[in-house]
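Worksheet for the structure shown next.
The values are calculated or read from the model by the stated rules, or taken from the named source; none is laboratory data. Every value quoted in this text rests on a predicted model; they were computed, and no experiment measured them. In this analysis, Cβ positions are derived from the backbone assuming ideal geometry, glycine residues included, and neighbour counts consider all displayed protein chains.
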Amino acid sequence: MTESPASTGLHPDPVEIPGAVVERIFEPTRPEEVGRIVREAANKGDGLLVFGGRTRLHQANPAREIRFGLCLRGLSGIDEFEPEEGVLHVAAGTRIREVREAVHAEGWALPLDPPGPSSTVGGTIASAAVGPRAQSFGRVADAILGLDLVGGDGVASRCGGRVVKNVTGYDLAKLYCGSFGTLGIVTGAWLRLHPKSAVRRVFVTQPGPGLVEFDRHRRWAGLASVSALVWREDPEAGSRQVTIELAGSEEGVRHDHAWLSDRAELVEVEPDEMDRIRDERAAKGPGPLALRVRVLGTECGAMVQRLLDSGLAVSVDPGPGTIHARGRLAHPEALLAIRESARESGGLAVFERLPDTWRRELDVFGLESGHAALHASLKARFDPGGILNPGRFEAGGDRDGV
Amino acid sequence: MTIVASPTPPTALIDRLVGIVGPAHCLFREGELFAYECDGLTLAPRTPLAVVLPATTEEVARIVRACRDFDRSFVPRGAGTGLSGGAHATEDSVLIECSRMNRVLEIDPGNRLAVVQPGVVNAELSQAVAHLGLFYAPDPSSQQACTIGGNIAENSGGPHTLKYGTTTNHILALEMVLPDGRIERFGNRVGEGPGFDWVGAIVGSEGTLGIVTEACVRLTPIPEGVETLLAIFDDVVAACRAVGRVIRSGVVPAAMEIVDRRTIEAVEASVYAAGLPKSAGAVLIVELDGNPVCLDGEIRLIHEACRREGCQAIERARNDEERTRFWRARKGAFGAMGRLAPDLYVHDAVVPRVHLPAILEKICEICDRYRLKLANVFHAGDGNLHPNICFDKRDPDELERVMKAGAEILEACVAVGGVISGEHGIGVEKRDYMHLVFDDSDLECMTRLRQTFNPDAACNPGKMIPTPRFCVEANPRARGYDAVPIG
């Protein structure tokens, strides 16, 4: 294995993931080093755990045969930023926060909003993690113009480009995004930016209980200036609150604020309140369970009620129909029933945190058995040695994906 | 140019296809196939072995299995409006034409989605949901004829992709017949299936991964307010610079389109005449939509950007009639260009928008050097150029100059960080130019995806990815076995 400062001994900050503790960690600082490390690992059949800011390491199936860690934090920095064009090229290990600040200074907004202050660009792409602003920012894949990668064979490649419209070849970035680093290692990305809003104001309001009240607030998420709307409820604490972020032009925000004020008692809070709520979702607890459920908008209220009735606390983005639930359930079967119900409502359920004993029984992602052959075939072609995050994005034989 | 005649079709295969779709929907006799020898790329016509028009997903699957049993390749086709030859068949392949699968199966206004068959015409979907205050946002120029299935294959765009994105942003789930005849469903109604984003990979795959037989699409609320502006410039370069200023201003118009002098002349001399002044060197059409209270402020910023680049005048549409007149200059352009020459080669490339002024000058220089008539009408807000070369394909010398100029235009666009297609796709037209953008390892990754679905390339062979021979030669001018002939 290639010499690297961190490879010669045990890493001072080992990585603990479901299924393994990784103490030998490589920290390349250039994409070519990533290629060399992966080639050597492939030659020896050594499994690699690829990670960035460690924010979502727990959000995957148990690892299998991982020998080394490959930390991409050393690939850092904005290589090219074109304020005239609203695009930039950034190294994968760069923290989202750094990019956000850099582009804000030039009048742009980074349309990536993953939970967790340590989130990196590469980790956000690998996990396709979105935050409460997904309703205005869109999916992670929507922000990607092009990617630089290292494949499971250690060979560097590119897909996409740097322009804002492109159908030159397959849209491989869509496949890499959300594949948890199992098809290739993202080393850099061209991203498109959104214009920065002239005004951003955040308000809270206290809604009443029940489905009718939920649906009333859900519809507010469709207002043009609402960049995020979060409904939070904790049955144990007896708390319920809606937080609304308005962003855009002065006229637009003023108009929607007036409209909302006619319908609810709004209290203005700090403009970074939505960031706090977003990052809260990456933190541990309360309880050993965290799941993310997506359902159709019209089904969202019923699903929220079901989760509340199970005793879970929820943080809901009613616009895209995303529910983050936390707490404790008595049996893994209860989780599977929630997943089945989400599927019937047109969506999915991802078990983002699980007690270790449940992990062996449950597939975190609910991967569809009908696509297992395609999934395995694609993985084998992109990572023939099976060394990239082995086990973490596949449903094992002993797990039940429903 | 030679049109290769279809060989005598194998009776047993035809019998089986007729047995699946009925005699009225299986075409194989000489004369029946003429309309299917090419799509919107008319430069390399080839007559397929047969054309079948299935009505159901099950029929598509049975057709695919029949083709496999007889060792024949097959090519999916929508309305045949594609401009890169993505639906070109070969003489020994079966064309599977999806126009009979044209039903809107479900509309869910509460969740703003619809489930449609692939043969639904793009504009008709928007018409079908208009009474609900919704529309289907991707609006390719051929939207009165092109189908959702073809749009999915090509990841079609249109003038309003600047704000609303391309087809990929509006497809939630798909049903597809795989190249081995199995029927699979991908994605779900929330647009986020567990596992790999198969839907994202299939959209824009030009029918090389399978045949889409059903799609769940996202619908968009019709904006409350719309404003359309027409800015008149002395020349196209100034109009491009104004586009750059608009982008920097933070306004995201729904559309920003430029029409150049030659196109204006053609439009004004045609039935599409929009009443544009003869002095206009270029016009910039800007459409803004959204909350009406925001639009006045955005209009002020557009005015400012255009004035700073010396525009002659800016008109604001006062009603729908005027809006239609403004758009006539853009939408009637291709029809009007028919007056300039018998044939039109519609190119498609994208550059970073900051390079638009320089690349436009370069394209003009290339076409002048090859003594070709050039007209430009393009999606300036996306940096998506459509240099239209007017020519007569019966003149072999002119045709050769068209092809050479086209290659130089693509090279010039790539040299400034651009790509060789923004919305028309690669197909057979640009397959051998893929090396301008991607190296062998990039193309190898694309091949891996294709092989996952379509290992023997029986489904839509010869499209998008150059053959390995050309990978080795890395010669952008090298042309494949079914490439566009020169002369």
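Quick notes on this one:
- Residue in region A:248-255 that is of a type outside the set (Asp, Glu), in contact with a strand residue (DSSP E or B) (Cβ under 6 Å, 6 or more places away or on another chain) and assigned to a strand (DSSP E or B) present: no
- If you filter region B:228-265 down to residues that are touching a residue at least 60 places away in the same chain (Cβ under 8 Å) and in a loop (DSSP other than H, G, I, E, B), you find that the one that is farthest from the other protein chains (Cβ to nearest Cβ) is B:Asp234.
- As a summary of the residue check, A:Ser315 satisfies the conditions (1) without any contact (Cβ under 8 Å) to a residue 60 or more places away in the chain; (2) among the hydroxyl-bearing types (Ser, Thr, Tyr); (3) assigned by TED's automatic domain parsing to the domain that holds A:Leu291 except for the one numbered (1).
- Considering residues of region A:172-205 that are in a strand (DSSP E or B), surrounded by fewer than 23 Cβ atoms within 10 Å (Cβ to Cβ) and touching a Gly at 6+ places or on another chain (Cβ under 7 Å) only, the residue nearest to the other protein chains (Cβ to nearest Cβ): A:Pro195
- If the condition is being part of a helix (DSSP H, G or I) and either more than 14 Å from chain A (Cβ to nearest Cβ) or of a type in the set (Ser, Thr, Tyr) (or both), then region B:282-303 contributes only B:His303.
- Helices (runs of 4 or more DSSP H) enclosed by region B:376-462 - at least 1 residues per element that are in contact with a helix residue (DSSP H, G or I) (Cβ under 8 Å, 6 or more places away or on another chain), surrounded by fewer than 19 Cβ atoms within 10 Å (Cβ to Cβ) and more than 14 Å from chain A (Cβ to nearest Cβ): B:396-415
- Matching residues, region B:304-339, being in contact (Cβ under 8 Å) with a residue 60 or more places away in the chain, part of a helix (DSSP H, G or I) and more than 21 Å from B:Val271 (Cα to Cα): B:Ala305, B:Cys306, B:Arg308
- Residue match in region B:108-124 (condition: under 24 Å from B:Leu172 (Cα atoms) and in contact with a His (Cβ under 8 Å, 6 or more places away or on another chain)): no
- Filter result for B:Gly181 (more than 11 Å from every other protein chain (Cβ to nearest Cβ), surrounded by fewer than 23 Cβ atoms within 10 Å (Cβ to Cβ), at pLDDT 95 or above and at positive phi): yes
- Test result for B:Leu174, hydrophobic (A, V, I, L, M, F, W, C) and outside any helix (DSSP H, G or I): yes
- Tally of residues being surrounded by fewer than 20 Cβ atoms within 10 Å (Cβ to Cβ) and in contact with a Pro (Cβ under 7 Å, 6 or more places away or on another chain) across region A:361-390: 1
- From the options A:Arg326, A:Arg353, residue that is crowded, with 21+ Cβ neighbours inside 10 Å, away from chain B (no Cβ under 13 Å), of a type outside the set (A, V, I, L, M) and over 30 Å from A:Lys44 (Cα atoms): A:Arg326
- Answer residue from region A:256-270, given it is in a helix (DSSP H, G or I) and in contact with a Leu (Cβ under 9 Å, 6 or more places away or on another chain) and is nearest to the other protein chains (Cβ to nearest Cβ) among those: A:Asp256
- Being surrounded by fewer than 17 Cβ atoms within 10 Å (Cβ to Cβ), without any contact (Cβ under 8 Å) to a residue 40 or more places away in the chain and outside any loop (DSSP other than H, G, I, E, B) is a condition met by no residue of region A:106-118.
- Residue check for A:Glu250: acidic (Asp, Glu) and either within 14 Å of another protein chain (Cβ to nearest Cβ) or crowded, with 21+ Cβ neighbours inside 10 Å (or both): yes
- Looking across A:Glu101, A:Glu85, one residue alone is over 27 Å from A:Val155 (Cα atoms) and not in a helix (DSSP H, G or I). It is A:Glu85.
- Residue count, region A:271-303 (criterion: among the hydrophobic types (A, V, I, L, M, F, W, C), outside any helix (DSSP H, G or I) and more than 14 Å from chain B (Cβ to nearest Cβ)): 4
- Among the candidates B:Ala35, B:Ala87, B:Ala114, residue that is outside any loop (DSSP other than H, G, I, E, B), of a type in the set (Gly, Ala, Ser) and surrounded by 22 or more Cβ atoms within 10 Å (Cβ to Cβ): B:Ala114
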